[in-house]
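> Sharing a structure here in structure tokens format.
The values are calculated or read from the model by the stated rules, or taken from the named source; none is laboratory data. Keep in mind that what you see is a predicted model, and the values were worked out from it rather than measured. Quick reminder, even Gly has a Cβ in these numbers, built from the backbone with ideal geometry, and neighbours come from all protein chains shown. Surface areas here come from the heavy atoms of the whole protein model, side chains and all, with no ligands, DNA or RNA. Shrake-Rupley method; radii C 1.70, N 1.55, O 1.52, S 1.80 Å.
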Amino acid sequence: MKAKAFLPLAAALFAILPGCDKPAKPPGTTQGAIKPTAYTNFSGDRAMEDVKAIVAIGPRPSGSEGIEKSRVYIEQKLKEAGWEMKRQDFEVDTILRGKIKMSNLRARFLVPGKDTWTRSVTTLACSHYDTKWFQTTVFVGANDAGSSTGLLLELARATAPLKDFSASLELLFFDGEEAITGFTAPVGFSDTRFDGLYGSRHYAKELRKVPENQRPKYGIVFDIIGGEPLEVEFPDNTSKRLSALAREASDALNFSKHFRAAPAGAAMIDDHVPLSWVGMEVLNFISLGPFREYWHTSADTIDKVFPKSIEITGRTGLYFMERNLQQ
Ligand SMILES: [Zn+2]
């Protein structure tokens with residue numbers, strides 16, 4: 001996905017991210033007595049079946065036949081797991097490719113007596129599902145974005161039996177995360193030159209119409225989490241408080257060696273950025289590590305994705321969310 005760029009200009013980027021790292025509780029404190037359970041339901045092998053099926057479709061850039069096939073697959077799997085689905089359609093004008101129709105895929109649980117799409121949820125759990133468009137290279141995006149798409153589908157199944165927890169979530173599959181050309185540092189909603197993050201920017205823009213106290217509080221993004229060795233680094237332009245809580249969760253599961261905070265100044269341009277613009281506290285699970293060598297190349301194939309890495313990320317993410325983000 002991402003702009004995987006570690007920006008030297010992190011200070012400048014921070015200046016435009018007023019929403020991130022809201023003070024709430026001191027780092028390292030948890031919010032209470034919830035005993036996490038959903039994480040034990042998460043199976044990396046089951047997620048891998050979805051990754052394989054999605055990657056077998058071939059390239060899935062925004063506006064392609066491939067991405068429409070992946071939409072149908074994602075929607076079918078979510079419905080099988082008991083989730084309600086809604087497409088958020090929009091059109092963008094892009095550099096090189098002109099106008100492209102895109103669609104974010106939203107999933108929520110039905111809560112009797114409440115409207116599914118206007119009731120409040122606490123947390124957005126997100127992945128992009130488009131793959132980067134190339135003129136000549138055949139790019140199937142197994143790790144970027146296949147792995148996190150599979151993770152989110154398995155997260156849907158793992159949380160479905162836990163009614164309170166699943167009702168607190170919206171699962172969000174972003175279209176258009178990838179830049180057509182290259183990422184540039186976004187300077188807000190009015191920056192029409194910015195390429196990439198089309199789906200998350202559109203979603204955040206729509207969210208501005210919702211009263212602030214009814215918006216989700218947390219935006220948790222998963223991206224490129226299937227490689228080995230797994231080295232999740234929480235970018236510096238995400239919440240320090242949430243990063244500390246997620247690392248606490250990894251300690252509890254004996255996965256701590258796979259999770260760390262990125263060095264100071266190592267910001268990342270990814271789908272969490274527009275969510276932070278609308279006041280959400282954000283975190284991004286992303287593991288570039290040695291995969292950096294294959295990132296955005298034709299070598300990002302299914303052999304670069306490991307069920308164990310998806311499972312470690314999924315279980316840690318679920319433990320962290322169930323324990324800390326339900327209120
Ligand atoms: Zn990418």
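> Give me a count of the residues in the range 44-74 that are within 20 Å of Lys304 (Cβ to Cβ) and not hydrophobic (A, V, I, L, M, F, W, C). Spell out the reasoning first.
Keep residues of the range 44-74 that are within 20 Å of Lys304 (Cβ to Cβ), which gives 44-61, 66, 70.
Next, only the ones that are not hydrophobic (A, V, I, L, M, F, W, C) stay: 44-46, 49-50, 52, 58-61, 66, 70.
Of the residues in that region, 12 qualify.
> Of the numbered conditions (1) within 16 Å of the ligand (Cβ to nearest atom); (2) within 19 Å of Pro307 (Cβ to Cβ); (3) basic (Lys, Arg), Lys132 satisfies every one except a single condition; which is it?
For Lys132, the exception is condition (2).
> Among the numbered criteria (1) within 16 Å of the ligand (Cβ to nearest atom); (2) farther than 21 Å from Pro59 by Cα, which one does Trp295 miss?
(2)
> Need at least 1 residues that are in contact with a helix residue (DSSP H, G or I) (Cβ under 7 Å, 6 or more places away or on another chain), β-branched (Val, Ile, Thr) and open to solvent by 10 Å² or more (accessible area, probe 1.4 Å) per element, so show me which strands (runs of 3 or more DSSP E) inside the range 83-190 make the cut, counting only ones lying wholly within it.
Values: elements: 84-94, 98-108, 123-128, 169-174.
Filter on the range 83-190 gives 84-94.
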